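Have a look at the structure below before the remarks.
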Amino acid sequence: MRPISTRTRLATVSALTALGAFASLGTATAADPVLNGEWAPFTRCPVDAPAMLAADGFAKTPQCVVSTSASGSIKLGNTTVTTGRTNLQLGVVQNADGTSTVVAPASGALVAEPATVPGGLLGLMCPSDIFVITGICESLENSSLNKITATMESVGAPYAFDQTAGVLTDLPIVALPVRIHLQNPLLGDKCYIGTAANPIVLRPENRTFPDFGMTFFQGDGTVDAAGEMSRINLTGATQNDGAFAVPGATGCGLNVGLINAAVNAKTGLPSAAGNNSLTLNDTRTYLTGLNAPGTVVPDAGKVLSKNWHSAVN
């Protein structure tokens, strides 16, 4: 293999860096509202979604669900990443026939802190016997361009929500279609593991029983034993999923074919079910709704929305 000149390496890095800088420009998102009292965790509940507002309180009952974890880990193929805080929020319409319909917030059900990938790009795709990738690898030594972050993103509405599974162990609680956004100037802004058409589907299960609690409150969130609202609190459980498959990376870098191939070869992607795992530590799950939705038929969804808005500070 003929050697790559310093000029060629620098030109390759400069071009990819310019692309990454351009692609990283974006718009700021609005901050979540601050809610009073027992409503506090439910900052993104889609109470104004048409399906939630249409819930009558008889055939269909509206609820809000939030589940958070302060830390965890995810293994994709050969790569394990320590994750930061995750926040999952849903609207759920419980149907009279025992089924449920999940309603995602407009911004997506899952919000997760970016996690740093161990070893950066050097660990993700180097060494490589691909000619262009070898040049990039040599240029990354002791470079600030080596750092790479991974962020989990929703790519579709969750489904198959099972409220009972939330208080038990070893039963899937909900199905979450997600993708992993890999970010680094050399990768550009469209480098993903999983896509909307071919997502990673996570189905977390409790591995330990959560602590159970229940509170009652007024519509504006003020604690009140005789309040019209109730909140179920399920805290302290470890959740896990080891049964999901992971597709290969796509959209990485200027020459997407070559860089995709390098990332996939080093990390062992695509990876079949059984070779990957997700663990969420100290999960805290809350479910809230009207105590007696039948007393406000056909306006249960509208009452829930009114109460949520009354709690916004």
query: Taking only pairs six or more apart or across chains, which ones have beta-carbon atoms under 8 Å, a first residue in the range 186-207 that is in contact (Cβ under 8 Å) with a residue 40 or more places away in the chain, and a second residue that is aromatic (Phe, Trp, Tyr)?
result: Ile200/Phe244; Val201/Phe244; Leu202/Phe244; Arg203/Phe244
Which numbered condition Thr250 fails, given (1) closer than 20 Å to Arg85 by Cα; (2) in contact with a helix residue (DSSP H, G or I) (Cβ under 8 Å, 6 or more places away or on another chain): (1)
message: Among the residues of the range 23-55, what is the count of those that are acidic (Asp, Glu), surrounded by fewer than 18 Cβ atoms within 10 Å (Cβ to Cβ) and modelled with pLDDT of 95 or more?
response: 1
task: For Gln239, indicate whether it is modelled with pLDDT under 95 and assigned to a strand (DSSP E or B).
output: no
Criterion (in contact (Cβ under 8 Å) with a residue 12 or more places away in the chain, crowded, with 20+ Cβ neighbours inside 10 Å and either part of a helix (DSSP H, G or I) or small (Gly, Ala, Ser) (or both)) met by exactly one of Gly219, Gly213, Gly166, Gly156: Gly166
- prompt: Could you count how many residues in the range 105-121 are crowded, with 19+ Cβ neighbours inside 10 Å and more than 20 Å from Val47 (Cα to Cα)?
  reply: 5
- request: Within the range 179-200, identify whether any single residue is of a type outside the set (Ser, Thr, Tyr), at negative phi, open to solvent by 50 Å² or more (accessible area, probe 1.4 Å) and not in a loop (DSSP other than H, G, I, E, B), and answer yes or no.
  value: yes
statement: Filtering the range 124-139 down to residues that are open to solvent by less than 50 Å² (accessible area, probe 1.4 Å), touching a residue at least 24 places away in the same chain (Cβ under 8 Å) and in a helix (DSSP H, G or I) yields Leu124, Met125, Ile133, Thr134, Gly135, Ile136, Ser139
query: If you check Val263, Val223, Val246, Val297, which single one turns out to be farther than 21 Å from Leu176 by Cβ, at pLDDT 95 or above, in contact with a strand residue (DSSP E or B) (Cβ under 7 Å, 6 or more places away or on another chain) and of a type in the set (Val, Ile, Thr)?
result: Val223
- request: Being open to solvent by 50 Å² or more (accessible area, probe 1.4 Å) and either in contact with a His (Cβ under 8 Å, 6 or more places away or on another chain) or in a strand (DSSP E or B) (or both) is the filter here, so list the residues in the range 242-301 that pass it.
  value: Thr250, Asn281, Asp282, Arg284
query: Of all residues in the range 69-90, which are part of a strand (DSSP E or B) and of a type outside the set (A, V, I, L, M)?
result: Ser69, Ser71, Gly72, Ser73, Lys75, Thr79, Thr80, Thr82, Thr83, Thr86, Asn87, Gln89
- request: Search the range 274-286 for residues that are without any contact (Cβ under 8 Å) to a residue 60 or more places away in the chain and pair each with any residue that is surrounded by fewer than 17 Cβ atoms within 10 Å (Cβ to Cβ) and not in a strand (DSSP E or B) when their beta-carbon atoms are under 9 Å apart and the residues are at least 6 apart or on different chains.
  value: Gly274/Gly242; Gly274/Ala243; Gly274/Ala245
- request: Please work out which one of (1) open to solvent by 40 Å² or more (accessible area, probe 1.4 Å); (2) more than 20 Å from Thr235 (Cα to Cα) is the condition Val102 fails and give its number.
  value: (1)
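Being among the polar types (S, T, N, Q) and touching a helix residue (DSSP H, G or I) at 6+ places or on another chain (Cβ under 7 Å) is the requirement here; does Thr215 meet it?
On the way: among the polar types (S, T, N, Q): yes; touching a helix residue (DSSP H, G or I) at 6+ places or on another chain (Cβ under 7 Å): yes.
Yes; evaluated as a whole, the condition is true for this residue.
The values are calculated or read from the model by the stated rules, or taken from the named source; none is laboratory data. None of the values given here were measured: they were computed from a predicted structure. Cβ: placed from backbone, ideal geometry, glycine included. Neighbour counts: every protein chain shown. The accessibility values were calculated without ligands, DNA or RNA, using every heavy atom of the protein model including side chains. Shrake-Rupley method; radii C 1.70, N 1.55, O 1.52, S 1.80 Å.
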